[in-house]
Amino acid sequence: MNPNESEYDVMLREIELQPAFVRASMGGVVERARAAMAYHAGRAVGGAIVIGCGDSFCAGLAARSYAGEQSGLWIEPIEALEFSRYLVERMPSDRAVVGISNSGTVARTVEGVRLARERGAWTFGVTVSAENDLARAAETLVRLESIPNIKQRPDGSKLVTPGTLTYTASLVGVCGWAIALGAHLGVRTDAQTEEAVASFERVAEWMDAAYASSAPIAARLSATFSRERPTVIAGGGPNAATAYFAAAKWYEALQWPAHHAEIEEWAHEQYFFTGTETDTIVILPPGGSHARGLEQLRAAREMGSRTIVIAEAFDTAAQNAADVFFAMPLGVPEPLTPFVYKAPFEVLAAQIAAYNGIDFFGFRDPLRRQVNFRQIFT
């Protein structure tokens with residue numbers, strides 16, 4: 001790490017690294033996962049529960065559609081505490097349980113995997129090391145290769161950045177797990193498995209294009225956001241998770257209030273405080289939520305909100321509904337859009353924080369960091 005890099009520069013660099021990470025890592029994740037699954041030949045799986053906290057929970061929710069396609073299973077993402085404290089005892093006996101934690105030390109996720117394994121579930125740990133708590137709790141490791149959010153400068157001081165590359169790593173992990181499991185269960189042929197892995201080269205290209213087009217718009221917009229303007233971020237399907245993830249970047253990078261909404265639920269909830277001092281951001285790829293998203297945008301505009309839309313380039317209807325338009329690459333299948341459509345939020349969070357001189361997480365206060373780490377890690 002360059003000792004002269006600001007925390008904002010480090011975050012932006014990690015954002016830029018993500019397409020190369022996807023290119024380099026998916027094949028290895030699938031290969032290692034297939035090798036680990038080979039020790040369980042013939043083991044029945046009737047569905048899968050994916051658990052995590054924070055960004056890791058979002059990754060399971062975002063990857064659900066793609067994971068279901070590849071594995072042929074019903075995939076249910078559940079927040080880790082909800083699973084370990086309320087649901088694990090009534091879990092169907094044929095479920096696999098996948099715990100996601102880059103660090104492998106998030107207490108509730110480790111707890112959920114341990115309890116599921118005690119009840120006979122086939123448990124997986126999606127994490128960066130075979131030596132951490134999650135890997136030891138799970139039967140089968142799906143090993144990632146990712147840098148941590150918590151880094152050390154040359155002078156020994158710690159630098160913590162909002163998760164961007166780690167979130168992409170979690171998406172790769174869940175998708176790679178599903179590709180490997182589909183092959184293991186005989187749902188996918190070897191040729192289809194190879195094709196699925198190879199398709200992530202295209203995903204990386206789409207991510208490159210999304211970051212390149214988003215960065216200059218985010219830089220121009222950064223001065224127009226403020227703590228006093230509520231930000232509402234809405235998405236549907238796999239991008240309900242993107243909205244959740246995006247709001248988390250507002251909390252982490254800015255410590256500003258933000259609201260994430262499922263596109264349908266926006267009309268039932270966040271609509272009621274939408275007005276001239278509100279920014280309404282809608283994630284609008286082609287797919288099941290597109291038409292409803294346009295209806296919600298129309299309502300937000302009628303209430304005077306600034307509308308910011310993230311949609312496919314040349315989507316005239318979306319562009320006409322937008323005060324600000326982030327154009328995304330053409331042809332991204334909806335189950336894979338969470339890799340691509342998160343780009344504007346990542347660069348916006350970094351640029352807004354830099355413009356306002358806000359320290360990430362408020363961690364210049366050592367007590368805030370100490371208390372937070374105590375809450376989360378094992």
**Q.** Karplus-derived HN-Hα couplings along the stretch 125-136 (A = 6.51, B = -1.76, C = 1.60, θ = phi - 60°), whole Hz, x at Gly and Pro
**A.** x, 9, 6, 8, 8, 7, 9, 8, 5, 5, 4, 6
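Highest mean first, what order results for 77-85, 51-59 on Cβ atoms within 10 Å?
With the highest mean Cβ count within 10 Å placed first, the list reads 51-59, 77-85.
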Q | Residues R202 and E269, FRET efficiency given R0 of 22 Å [Cβ-Cβ distance, rounded to 0.05] | A | 0.05
Q: Rank these residues by their accessible area, most exposed first, probe 1.4 Å: L294, L367, L254, L17.
A: L367, L17, L294, L254
Q.
Just to verify a number: what accessible area does F273 come out at with the full protein assembly present, 1.4 Å probe, Å² rounded to tens?
A. 80
Q. Can you give me the Cα centroid spacing of the stretch 173-219 and the stretch 13-39 in angstrom?
A. 10
**Q.** Note, ³J(HN,Hα) from phi for the stretch 47-55, Karplus 6.51, -1.76, 1.60, rounded to Hz, x at Gly and Pro
**A.** x, 9, 10, 10, 10, x, 10, x, 4
Q: Report, by chain and number, residues whose modeled amide H sits under 5 Å from the one on H260, excluding near sequence neighbours (fewer than 5 apart, same chain).
A: I233
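Please give the FRET efficiency for R136 paired with Q370, using the beta carbon to beta carbon distance and R0 = 22 Å, rounded to the nearest 0.05.
Working: r = 26 Å, r/R0 = 1.17.
E between R136 and Q370, to the nearest 0.05, is 0.30.
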Q | Shape of the stretch 1-140, Cα gyration tensor, a/c cut at 1.5 | A | prolate
Q. Counting Lys and Arg as +1 and Asp and Glu as -1, what is the net charge of the other residues whose Cβ lies under 12 Å from the Cβ of H290?
A. -3
**Q.** Three-way shape call for the stretch 240-307 based on the alpha-carbon gyration tensor, with the a/c threshold at 1.5
**A.** oblate
Q | Net +/- balance of residues flanking A223 in space, Cβ distance below 14 Å, scoring K and R +1, D and E -1 | A | +2
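Could you rank the peptides 221-228, 332-339 by their average count of other C-beta atoms within 10 Å per residue, with the highest value first?
332-339, 221-228
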Q.
Sorting check: for 34-44, 205-215, which peptide has the highest mean count of neighbouring beta carbons within 10 Å, and how do the rest follow?
A. 205-215, 34-44
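By how many nm would the segment from V187 to Y39 grow when fully extended, if each residue of separation counts as 0.36 nm and the alpha-carbon distance is taken off? Before the final figure, lay out each step's value.
Details: separation 148, 0.36 × 148 = 53.28 nm, distance 1.79 nm.
Between V187 and Y39, full extension yields 51.5 nm more.
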Q: Step through the residues of the stretch 102-113 one at a time and calculate ³J(HN,Hα) from phi using the Karplus curve (6.51 cos²θ - 1.76 cosθ + 1.60, θ = phi - 60°), rounding each to whole Hz and writing x for Gly and Pro.
A: 4, 6, x, 10, 7, 4, 5, 5, 4, 4, x, 5
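The values are calculated or read from the model by the stated rules, or taken from the named source; none is laboratory data. The structure displayed is predicted, hence computed values, not measured ones. A quick note on method: Cβ atoms are made from the backbone with ideal geometry, for glycine too, and the neighbour counts reach across all protein chains shown. These accessible areas exclude ligands, DNA and RNA; they are computed on the full protein's heavy atoms, side chains included. Shrake-Rupley method; radii C 1.70, N 1.55, O 1.52, S 1.80 Å.
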